[in-house]
Each structure stands twice: as C-alpha cells, then as structure tokens.
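J.: Submitted below is the structure of interest, expressed as structure tokens.
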DNA sequence: ATAGGGCTTCCAGTCGCTGGAAGGTCAAGA
DNA sequence: TCTTGACCTTCCAGCGACTGGAAGCCCTAT
C-alpha cells in the first residue's frame, strides 16, 4: 500500500503518517521508487495510534501504549495506570473549562449586546470579578 | 515600576510581560538604563490581559478586547459576540473531553489492572470499540 | 509528448509562552 | 572601593502535534 491508501484506511492525513514515521512510531518499508510501502501491520498500528490520539493520549503515551501492546508479557496494570493518569488530566481540564464556561456565560447573560458601550464583560476584565 | 514589580502585581511572569510587549499588546516606557518603565495604565492592561487569558480568550481575542475596552464608542454587542463565540468553543471542547472521559473511564473500569497481560484498553485501541 | 495526480524531501509556521545563555545595572555589605 | 547577588536586558531555541507550501520526481492515461 502507498501512503494515500493507508491514509484513507486509517483515517489519518498523509502528512501525519509521515510525521509518525519521522518520530519513529512506525517504520514502513520502501519501494524501489522511494515510495513508502505499508504492510498490514503498519496500517494496524496507524489505526491504533489514531484511536489512542482520539482519546487524547499524547504521542509519548501512544508510544508507550504501542510498546505495551506489542509486549505480550505486559501487566495490564501498566496500561491501566497510564489510562488512569490520562483520565485524571482530562477531568482536570474539564473542571477548568467548566469554570471558564460558568464565568463567561454569566457575563454574557449580563451584557445587553446592543449599540451602547456599557459592558459588564469589559468591566469584569478591567477590575476583576464583582 | 520595573518588570519585577508589575509581574508581581499583575500575577504574570516577567517573561510573559516581555512577550506581550513583543507582540504589541503593551508599550511600556524605557528608563535611561534601558529598563522597562511601567505606568499604572500598563499594569492595568496587564491585569486585564491576565483575566482575559484566564477565561481562555486567545491572544488575538485579547487584543480585540483591549481595543474595545479603550474605545468608548464601542457597541457592547461586539464584545458580547466575541464572548459568545468563545463560549461556544469552550462548550465544544467540554463536550469532546466528556466523550473522551466517558470512553476512557469505561475502559479503565473494565481493566483488571493486575500482572496479567489481558487488557480491554489495548483491545479497544487495537480493534476499535466493541 | 503532455497533463494530471500522487509521491518525495525539506523548511517554516502555528500558539503562547518558557528556558537558557551572555551580558549590563544596581543596591548593600566588607 | 570592591564584590556579591539580585535584578534587568537581548536573542535564540524549544515545547506538541501537526500543517502548509515549495520544488521536484514518478506513474498512468491520453
């Protein structure tokens, strides 16, 4: 398979796939013309990576997950720990964003949104909350 | 005031303040020794920027907000529109993260987390959900 | 022969800082 | 007066995870 085919099948941009090779996540073969030549196993890895990235794992987490995946002597505890740490980060992020959302939606509610200059949003930014 | 003083008062790192000058958000004076010399108005702007950034506005949004703040012929509708657009992005992001969180916490729950290799997290990444 | 699409590499840019190197300035203490 | 140490300056590089674009080769169809 050429890069276009795997890109399509894995649902990743070709650019991203080249980048993943660059940073050593995959190592496709090369055809005589210099084109990358992907095996099924490469496609499989790329799909794995795509799903891990979609769950928000960092590239370095993905590298670790891939290594664990390929190591049949792994302990599932290692995977779980990684996933739990990541989950905790996501939860933190959600909490942060919710706090922003709450403040912001209060401010938006208070703003008349007409052609007059008075604006509680700007007042809040200028002087701090309430 | 020197940069250290404003950094302390505005709650921003000195590096960040220099960066804000670099990109033209503030233009402090210069003392004869070359040190930046901050007026109260600079401090005020920095505090404004700090609060806007804490609400997740991008730097470009901050630039716009600052301009609106300093324009007393502004229409509050312009501020409100900007804030609402930003709010919508935050809500999207929260939705995304919640979806990751839900998937991930399901997977984590299903994983034994012991020293055996079997792991539903890896299985899911390898083959897709369910 | 040519046109088009796909492939290659390499470089630069994104965003918002952050770290570090190399060096000038200032106030306090010996 | 000299030195120490904290402050300030500029400039350059790096973070994460791509993404865009330029320049050029390869392959297939007309």
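J.: Which value in nm describes the separation of the simple spin-label points at residue A:85 and residue A:114, placed 7 Å from the Cα toward the beta carbon?
T.: 5.5
J.: Which peptide among A:1-8, B:115-122 comes first, and what is the full order, when sorted by highest mean count of other Cβ atoms within 10 Å?
T.: B:115-122, A:1-8
J.: Between residue B:19 and residue A:59, what FRET efficiency follows from the Cβ-Cβ distance if R0 is 35 Å, with the result rounded to 0.05?
T.: E(calc), rounded to 0.05, equals 0.85.
J.: On a 0 to 90° scale, report how tilted helix A:59-70 is relative to the longest principal axis of chain A, with both axes built from alpha carbons and the result rounded to the nearest 10.
T.: 40
J.: Something else now. Using a label point 7 angstrom from Cα along Cα-to-C-beta, what distances in nm, from shortest up, separate residue A:54 from the other copies?
T.: 3.8
J.: Roughly how tilted is helix B:76-110, in degrees to the nearest 10 and between 0 and 90, from the longest Cα axis of chain B?
T.: Here the helix axis deviates by roughly 30 degrees.
J.: Shifting gears a bit: How would A:30, A:18, B:51 line up from fewest to most surrounding beta-carbon atoms within 10 angstrom?
T.: Going from least to most buried by this count: A:30, A:18, B:51.
J.: Quick one: if the Förster radius is 30 Å, what FRET efficiency do residue B:32 and residue B:67 give, using the C-beta to C-beta distance and rounding to 0.05?
T.: 0.45
J.: Tell me, what is the percent relative contact order of chain A, built from C-alpha pairs under 8 Å that lie six or more residues apart? Kindly include the intermediate steps, with their values, before the conclusion.
T.: On the way: 71 pairs, mean separation 18.6, N = 130.
Once divided by the residue count of chain A, the mean separation gives 14 percent.
J.: Mind pulling up the Rg/Rh value for the stretch A:1-55? Radius of gyration and Kirkwood radius, both on Cα. Don't skip to the answer; put the middle values down first.
T.: Details: Rg = 10.3 Å, Rh = 11.0 Å.
Radius of gyration relative to Kirkwood radius: 0.94.
J.: Hey, for a label at residue A:92 modelled as a point 7 Å past Cα toward Cβ, could you say which residues of the stretch A:33-60 have their backbone N under 18 Å away?
T.: A:56-60
J.: Return the tail of the calculated pair distribution for chain B, meaning the percent of Cα-Cα pairs more than 18 Å apart. Don't skip to the end; give the middle numbers.
T.: Values: 5589 of 8385 pairs.
Of all Cα-Cα distances in chain B, 67 percent exceed 18 Å.
J.: Over the protein assembly as shown, what per residue volume does the convex hull of the Cα atoms give, in whole Å³?
T.: Per residue, the Cα convex hull of the protein assembly as shown comes to 205 Å³.
J.: Same structure, new question: Run through the other copies and list how far each one's label point is from that of residue B:16, in nm with one decimal, shortest first; the point sits 7 Å from Cα along Cα-Cβ.
T.: Values, ascending and in nm: 3.1.
J.: Determine the distance separating the Cα centre of the stretch A:81-130 from the Cα centre of the stretch B:5-29; give it in Å without decimals.
T.: 23
J.: Then there is this: Using a 10 Å cut-off on Cβ to Cβ distances, tally the other chain neighbours for every residue of B:36-49 and report the average as a whole number.
T.: Working: counts 0, 0, 0, 0, 0, 0, 0, 0, 2, 1, 0, 4, 6, 1.
Across B:36-49, the average partner-chain Cβ count within 10 Å equals 1.
J.: Only Cα pairs under 8 Å and at least 6 apart count here; give the relative contact order of the stretch B:24-96 as a rounded whole percent. Could you put the intermediate results ahead of the total?
T.: Working: 29 pairs, mean separation 13.4, N = 73.
Relative contact order of the stretch B:24-96: 18 percent.
J.: Next question. Taking 45 Å as R0, compute the FRET efficiency from the Cβ-Cβ separation of residue A:127 and residue B:130 and round it to 0.05.
T.: Here the calculated transfer efficiency is 0.30.
J.: Suppose you put the label 7 Å out from Cα in the Cβ direction; list, shortest first and in nm with one decimal, how far residue B:91 is from each other copy's label.
T.: So the label point of residue B:91 gives 2.6 nm to the other copies.
J.: Name the chain B residue with the Cβ nearest the axis that maps B onto A: which is it, and what is the distance in angstrom?
T.: That would be B:94, 3, residue then distance in Å.
J.: As a test of the formula, what do you get for chain B when each DSSP H run with n ≥ 4 contributes -39,500 (n - 2.57) and the sum is divided by the residue count, at 222 nm and rounded to the nearest 500 deg cm²/dmol?
T.: Roughly -21500 deg cm²/dmol at 222 nm, from the helical runs in chain B.
Any read-out appearing in this document is the output of simple, stated calculations on the displayed coordinates, not a laboratory observation. Predicted model only: the values in this text are computed from it and were never measured. Every residue, glycine as well, gets a Cβ built from its backbone with ideal geometry; the counts of neighbours run over all protein chains shown.
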